1. Mind listing which GluC sites (Glu not before Pro) in segment 198-272 are in a DSSP loop and have 16 or fewer other Cβ atoms within 10 Å?
2. If segment 207-352 were replaced by its equivalent ellipsoid, with semi-axes equal to the square roots of 5 times the Cα gyration tensor eigenvalues, what would those be, largest first, whole Å?
3. Given a cut-off of 25 Å, name the pairs among Lys238/Lys258; Lys293/Lys322; Lys19/Lys125 whose C-alpha atoms lie farther apart than that in the structure shown.
4. For segment 132-235, what percent of Cα pairs sit more than 17 Å apart?
5. Which order do the peptides 103-114, 252-263 take when ranked by the mean count of other beta-carbon atoms within 10 Å per residue, highest first?
6. By per-residue mean of other Cβ atoms within 10 Å, what is the highest-first order of 293-299, 36-42?
Amino acid sequence: MDFDFTEDRGPAKYFHGRKQIIDTFNSTLRFYRANKRGTIFLIQGAPGAGKTALLDVLSNQAKPKGWAVADISVEDLYTPASMAQSLGKSYTIDSEYALKEGIKFIEGGIVESVAGHANPREILKHLSPETGLILLLDEAQHLNNLLDPQDVKTSATTTLNAIHNGKLGKPVMLLTAGLSTSETALSSLGVSRIDGECTVQLGRLDKESECAVIRDWLTQSGGGAEDTTIWVEAIAEKTHGWPQHIISYVKPALKYLKSSHGKMTDRGLEFVIESGNEFRLQYYDGRAHDIDKEHRVALARAVMDVPIDGTTTRTAIIHSLKQSDLTQEEADALFKRALEQGILDKRKSGKYGIPIPSLHRWLIDEYIRNKSHDIPPAPKQLPAKPEQFLLPTKKDDESKVKKNKGDDEDKRKGGGGFSMER
């Protein structure tokens, strides 16, 4: 039996949920096509929330409706030739029309010249199809890097405002996703007042969707041939609706199922949970990879009294960081780095919190309460022969795996908490 490699990011192999966002997006497509105008549709969320996967789903919703889709980079927003090249590679452009507008392509959509065009706005105005164009931009927080030189910022601002304010005479949408600093980055480039319905704060999946994703992995990719309910519920207790965590537990689950020819034992589930816990801890440590221990401790102290799923102000966090003997400059830099790495995120209320409840708990347990120490190593590679890997089966192995009473994971709040789509 062959098994697909499970990637930590990118389009989702199995996608469920986010229905409200999808419905809003489709309504937005209808409105802006009817009015031949443009807009920006922004998805914000912490690393691992499934932003890139959602971008893929939304763009695929648009294609059957006649919208062209072009993947663009930040450079395309201020470089005419780069924008023309992305459009030429992403969808078919009438060559005679392009030549008429002074844009010459060679094989593969490569631009040979963009004579007479000084800004990507002009490229979009000439080459966008009348039926609508989706410009797909991931990692929108990198727009923060366009503050200098000034001519770059000015060109990007001109392009973004032409899209956002509907000045192209055609339906053109920038569909973009990034960390919670993305809206601030757009604002620094002159984009303000994005339609509330077009700004999404992406949180965890609802439980039904989460369980459906886990079940698909176990049965369709893992070949699980039995009732998956026990495994699905046990994994969901650990993943709390977070797509990144689902992958952490799916990886060892697929390896075990391959080795056991799809047999789902209680002892096997114990291995999956233990291995998934280790992968999850490594993920948290990776989020803080370039923050030294002293600063991690200071950050943990700053959020120690903030409730799980709760928020606080920037002023309160900075004040606490300074109480840990950081200078104002160091406190500001640490706060910014925590935002950029998804340890903190900004909510619509203007306050800040840790986006993943179990990440919040890990930070405090690891650096304040000393409940854990070194991050465990990754699970060892499975032996080639299944019989060497399978865990011993108890004679009375028909009993279900008991839940650990001391599990320090915060319980799901019925889909509540800040992490819901809102």
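Values in this text are rule-based calculations from the coordinates and carry no lab data. Computed from a predicted structure; not experimentally measured. So basically every Cβ, Gly included, is an ideal-geometry build from the backbone, and we count neighbours across all protein chains shown.
1. Glu226
2. Ellipsoid semi-axes (Å, largest first): 39, 15, 11.
3. Violating the 25 Å Cα-Cα cut-off are Lys19/Lys125.
4. Every Cα pair in segment 132-235 considered, those over 17 Å come to 64 percent.
5. Peptide ranking by packing, descending: 252-263, 103-114.
6. Those peptides, ordered most packed to least, come out 36-42, 293-299.
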